[in-house]
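Contents: one structure, followed by commentary.
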Amino acid sequence: MSRFAANNILYAVPTNTSNGTDEGCMLLNPSQSVIITGAYNGIPQTLILNLISWVCLILLFTVLRRTAWNYGRMALVQRSKSRWTNLFYRGSDNDTLVERRRSTDESMNIDEGFFTWLPAVFRLTREQVLAKCGPDAVHYLSFQRHAITLMFIVTIVSIGIILPINFQGTNLQVDASTFGRTTLSNLNGRSYWLWVHTLISIMFLPVSVLIMRRCTGRKPVPNSMTGTIMITNISRADRNESTIRAYFTHNFPHIQIVDLRLAFNINKLNEVQEKKEMVTEALIYTDTYYRKTGKRITVKPTLCGPEVDALEFYTQEEKRLKDEAKRCRALVLNDPLGIAFLTLPSYQLAEHVINHFSLHRGWVLQHATNPSDIIWENLSVQPGVWYVKAIVVNFCLFIVLFFLTTPAFVVNLFNTLVAKPETLSKISSLIFEFLPTLLLWTMAAVMPAIVAFSDKFLSHWTKSQQNYSIMAKTASYLLLMTLILPSLGLASAEAFIAWTLHHENDTLRWDCVFLPDKGAFFVNYVITSGFIGTALELIRFPELFLYVWYLLQSKSKAEKSYVKKAILYEFPFGVHYAWSLAIFSITMVYSLACPLIAPFGLIYFVLKHIGDKHNLYFAYGPCDMSGVGGGRIHATAVRLIRISVLLLLIKHGGLGRAAGWFRGSDYYFDNGIRSRVWDVPAIESFPELYAASALTVGDDLAVSRVCGSSSH
C-alpha cells in the first residue's frame, strides 16, 4: 500500500478490505463508541438521539411562539411594512394588499392555545395560503407535495424490493446486524439481481418526470403579466416625463398611455420615513397609555443619558423627522434615476411597443415585473457597478468555498480527534458519536447563509432574480460539498482538482461511493436534517436573537410594537429550495445502494412541509415574485429534481463499470438504455444535449460493431 498526503486529500492505491472499506477513501464516521446500540453502524442510536432532541426543540418552540412576545405568530399580530410602490404605480396593487390584510385579520383566532398551531397548519387551505402569503407560497408548497409523492414511491420500492435483494446477498460475509448487509455492496458483482437495480433506477426517471410535470410551479401565474414597461439606460437629459411621453406619443399615436412614472433613489428617504413611522407609532402608544392610565412613560434618548418624558420627546422627534422627510423628498424628486415605468392598457400593447421600438438614445425596454417583486432601494445601483460587485463578490465567495473549510473537511478533522480519545477523555462519548452528523448539518446551514448574504450584497433589482441566484449557488454548493465530493472520498473542491492533476492514470474513485460505512453516514445526515434540522427551522434562532437585540435597543416600551414590524422578514425561497433539493438528491442517489436512507428522506420532506407551511403563514411576511421571470425559480427546482434522478443513473453506471457488472454487449445494452432514458428530460429541457447524446451513443455502437467484426 503506497500513499502520500497533500492538502485535504489522502491519496492511496485502492485496497479493499474485508469489511468493504477502502483505505484511499475519506471515511466520515470511523467512531465506534456505543451509547445505546451499535447495530447498523449506529443508525438506530442516531435516530433515538434525534427523536429526543426533536421533541425537546418542538416543546421549546411551542413555548416561545406564544410567550416570547408572540415571536412565532409575527405575521399575524403585525402587518407588513408599507412600501413606496404607490410612488411609481397606480393603485392596482392596493387590492391585493387589502385582501391580505383582511385575511390576516380573519386569521388572528386560528390558534390561541399552546399546541393548537399543529392542527391549525393542517386545516389551512390553498385559498387561505394564497390570500395571506401570495402565489409563490402556493407554488412552493405544491412543489413539496409532489416531492413527497415521488419520495413515497422511492421509499416503497427501496424498502419493499431493493432492501430484501441486498439483504439476501453474501458478498460481505457479515451478520444481520451490520449495516453493510443492507447495502448494494452485499451483492456479488456478477449477480443477476443487479439488473433489478438497473431497471428500477431507469424507471425512476420517467416516474419523476410524470409526477413533477403536474407541479404548479412549472409556470408563472397567468394574471401576473401587466401592461407596464420598464425603461432603463435613460440619459440625464431625457430624465423627465414630458420628454419620454412625447417620444412614445409621436411613435405610437394609436396607443393610450395610462401612466408614466420615473424612478428615484429613495434609500435616504426610506430610512427617514421608517424612523418617522416608528416615532409616530410610539407617540400614539404613549398618548393612548396616558389617557387610559394617567401615567407618563419615560424614555432614554441615549444609553447613558437621563430619562425624559416620552410624550414630549416623541412629539419633538416627529416634527423633526417630518421636516427632514420633506427635505429628502425634494432632493429625491430633483434627481431621478435613469429608469421609468410606462403603463399601457394591456400586456399585448406593451409587447407590441417593445417589439417595434427602435433604438432611441440607448434606451432599453423590457416588461416590468409586479411592483411587489421590485426591490426599490436597489434601483439606484447602476448596471456597471452591479457587474463589478458581482465579479468581486463571486470571486471572493469562490475562494472561500474552494480553499477554506467545507462541511466534509470539518467532519474529517473532528473524526481525527475522535480517533485519539486519550487526549479528550473528559468529553462524553455521546458527543463523539452524535456530533459529526450534527456538525455536517450545521456547516451545511452556515455556508448557504454566507452565500445568501453575499448575494444580497449584490443589490439585485428584483426579489425573483435574487432568490433564483441564491438557489442556484446554494444548491450547487450543497450538492458539491455534501454529496459529490464526500461520495468520491474527497474533502474539498481543491482536493478534487489536486487528485485529478496528480493521478491521471488512476481509475475514478467510484468504489468510494460504494462504501457501507459512508452510506451509514449519509443516512445519519438525512436523519439529523429531518428531525433536528426541521425543528431548528421552526424556531429560527438567528431571527429570534436579532428580535431580542432590537427589543433591547428600543428606547422605551412604546417602540416595541414597531420592532415587531421591523423584524417581519420575507420567506427565503432560494435557500429553502436549495436545502430541499440537496436532501432529495442525497436520498435519491443512495436509495438503491443504501435503501434505509429512503424512509428518512420521506420523513424529512413531510416534517419540512409542515414546518414551512407554518412559517409561511404565521412567521413570515408575503413575498410576491409572480411577475415577469418570477416563475423561473419554481420551474428550475422542478428540473433539478429530474437531475437528481440522473445523478442516480450516473452513479449506478459508474459503479457498474468499476465493479465489472457489464461486459461486452451487456455494457452497451446498459449504456444504450441509459442514453434513451436521457431522452425524456433532454427533449424538453436540453434539446441540444439530446442531439449530441444520440450521436455519441450511435458512434460508440458503430465502433463496437467494427471492432467486433475485425476481431473475427
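The values are calculated or read from the model by the stated rules, or taken from the named source; none is laboratory data. Just so we're clear, the structure is a prediction, and the values are computed from it rather than from any experiment. Neighbour counts are summed over all protein chains in view; Cβ atoms, including those assigned to glycine, are modelled from backbone coordinates with ideal geometry.
When the residues of segment 620-637 are filtered to those that are of a type in the set (A, V, I, L, M) and surrounded by fewer than 24 Cβ atoms within 10 Å (Cβ to Cβ), the one that is modelled with the highest pLDDT is A635.
Within the set of pairs 6 or more residues apart or between chains, which connect a residue that is without any contact (Cβ under 8 Å) to a residue 24 or more places away in the chain inside segment 540-566 to a residue that is surrounded by fewer than 18 Cβ atoms within 10 Å (Cβ to Cβ) and polar (S, T, N, Q) with Cβ atoms less than 6 Å apart? Correct list of pairs: V563/S554.
Each row is one residue, and each column tells you yes or no for (1) in contact (Cβ under 8 Å) with a residue 40 or more places away in the chain; (2) in contact with a helix residue (DSSP H, G or I) (Cβ under 8 Å, 6 or more places away or on another chain).
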{"residue": "M443", "(1), (2)": "no, yes"}
{"residue": "M447", "(1), (2)": "yes, yes"}
{"residue": "Q465", "(1), (2)": "yes, no"}
{"residue": "L479", "(1), (2)": "yes, yes"}
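Scanning segment 281-315 for residues being outside any loop (DSSP other than H, G, I, E, B) and either surrounded by 12 or more Cβ atoms within 10 Å (Cβ to Cβ) or within 42 Å of the chain's Cα centre (by Cα) (or both) gives a total of 19.
The criterion of at least 2 residues that are of a type in the set (S, T, N, Q) and at pLDDT below 90 is met by none of the helices (runs of 4 or more DSSP H) wholly inside segment 119-186.
Among the residues of segment 369-391, are any touching an Asp or Glu at 6+ places or on another chain (Cβ under 8 Å), farther than 27 Å from S235 by Cβ and not assigned by TED's automatic domain parsing to the domain that holds A237? Scanning segment 369-391 turns up no residue that is touching an Asp or Glu at 6+ places or on another chain (Cβ under 8 Å), farther than 27 Å from S235 by Cβ and not assigned by TED's automatic domain parsing to the domain that holds A237. The set of residues from segment 163-200 being charged (D, E, K, R) and buried (at least 19 other Cβ atoms within 10 Å of the Cβ) comprises just one member, R181.
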